[in-house]
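Novice: Would you mind keeping the following structure in view while I ask a few things?
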Amino acid sequence: VVDSDWQYAAGISGMWQYSENLGEEYLIPSYRLFDVGAFASLTRQFDRLTLSGGLRYDIRRLHSYEQEDDGELRFTDFTRNFDGVSASLGAVFNISEHFNLRANLARGFRTPNRSELASNGVHEGSIRYELGSQHLKAEHSLQADLGLDFTSRYVSAQVALFANRIDNYIYLERDLVTPDPDYQTYAYTQTT
């Protein structure tokens with residue numbers, strides 16, 4: 001929506017997903033997933049200054065099903081619920097006809113995906129055995145950037161400083177426990 005001085009938008013988005021393993025080779029269990037998120041953004045133009053901000057709240061519900069492979073339990077039944085807030089606040093100041101000064105501060109949120117939570121098998125693309133962890137937490141980030149833009153008829157240039165901190169960062173780490181001796185094993189873990 002556009003007003004004389006304000007521009008704003010709001011909405012809701014969602015997804016429902018169901019995945020079932022029907023083949024013989026699989027990396028993750030059958031699961032169902034539900035995501036919903038609500039967001040709003042606001043921009044205000046002043047004389048030479050533009051301010052903008054956004055806010056989003058997300059909920060994710062994941063249920064993973066128990067599954068056996070050749071009579072042995074390969075995946076356990078579990079449910080994980082996540083929710084989090086993402087936000088940003090930014091400003092652009094028009095110094096002159098050719099120069100703009102930009103600043104932004106943002107907070108992000110990312111839930112672990114199905115592979116990170118529940119993998120237990122050979123990943124054919126990376127040729128390694130991967131193990132998920134049901135105990136992973138959501139990642140949270142804090143980002144700041146500051147930049148100066150120059151634009152003329154013939155030249156456009158930017159100089160920027162950028163910093164990003166991620167808490168609970170999820171990554172793959174070599175694991176010495178080897179369920180399959182033909183492959184190196186990697187397990188999903190995270191920083192604390």
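The values are calculated or read from the model by the stated rules, or taken from the named source; none is laboratory data. If you're wondering where the values come from, they're calculated on a predicted model, not measured in any experiment. When we count neighbours, we look across all protein chains shown, and the Cβ atoms used for this are built from the backbone with ideal geometry, even at glycine. The accessibility values were calculated without ligands, DNA or RNA, using every heavy atom of the protein model including side chains. Shrake-Rupley method; radii C 1.70, N 1.55, O 1.52, S 1.80 Å.
Novice: Please give me, ordered by residue number, the chymotrypsin sites (Phe, Trp or Tyr not before Pro) of the range 15-49 that lie in loop per DSSP and have at most 11 other Cβ atoms within 10 Å.
Specialist: Sparse-neighbourhood loop chymotrypsin sites (Phe, Trp or Tyr not before Pro): F46.
Novice: A further question on this structure: Based on Cβ point charges of +1 for Lys and Arg and -1 for Asp and Glu, what charge dipole magnitude is obtained for the chain about its Cα centre, in debye rounded to the nearest 20?
Specialist: 1180 debye
Novice: Can you give me the solvent accessible area of F162 with a 1.4 Å probe, rounded to the nearest 10 Å²?
Specialist: F162 exposes around 130 Å² with every protein chain in place.
Novice: For the chain, what is the convex hull volume of the alpha-carbon atoms per residue, in Å³?
Specialist: About 174 Å³ per residue, rounded to a whole number.
Novice: May I pose another question? What distance in nm separates the two pseudo spin-label positions at S156 and Y18, each 7 Å out from Cα along the beta-carbon direction?
Specialist: 4.7 nm
Novice: Semi-axes of the equivalent ellipsoid for the range 54-116, please: Cα gyration tensor eigenvalues, times 5, square-rooted, ordered largest first, whole Å.
Specialist: 46, 12, 6
Novice: Still on this structure: Tally up the carbon and sulfur contribution to the accessible surface of the range 122-192 as a whole percent, 1.4 Å probe, everything protein left in place.
Specialist: Percent of accessible area from carbon and sulfur atoms in the range 122-192: 54.
Novice: In addition: Using a ≥ b ≥ c from the Cα gyration tensor of the range 152-192 (square roots of the eigenvalues), is it rounded, prolate or oblate, where a/c under 1.5 gives rounded and otherwise the larger of a/b and b/c decides, a/b for prolate? All intermediate terms of the calculation are to be shown ahead of the outcome.
Specialist: Numbers: a/c = 8.41, a/b = 2.72, b/c = 3.10.
Here the range 152-192 falls in the oblate category.
Novice: Expressed as a whole percentage, what fraction of the accessible surface of the range 29-85 belongs to carbon and sulfur atoms when a 1.4 Å probe is rolled over the protein heavy atoms?
Specialist: Here carbon and sulfur together make up 52 percent of the probe-accessible area.
Novice: Using a 1.4 angstrom probe, figure out how much accessible area the range 90-192 has per residue, in square angstrom, rounded to the nearest whole.
Specialist: It amounts to 64 Å² per residue over the range 90-192.
Novice: When the helix-only estimate is applied to the chain (DSSP H runs of n ≥ 4, each -39,500 (n - 2.57), divided by the residue count), what is the mean residue ellipticity at 222 nm, nearest 500 deg cm²/dmol?
Specialist: The helix contribution divided over the chain gives -500 deg cm²/dmol.
Novice: Moving on to the next point. With a point put 7 Å past each Cα toward its Cβ, work out how far S141 is from D83 in nm, to one decimal.
Specialist: If labels sit at S141 and D83, their model points lie 2.4 nm apart.
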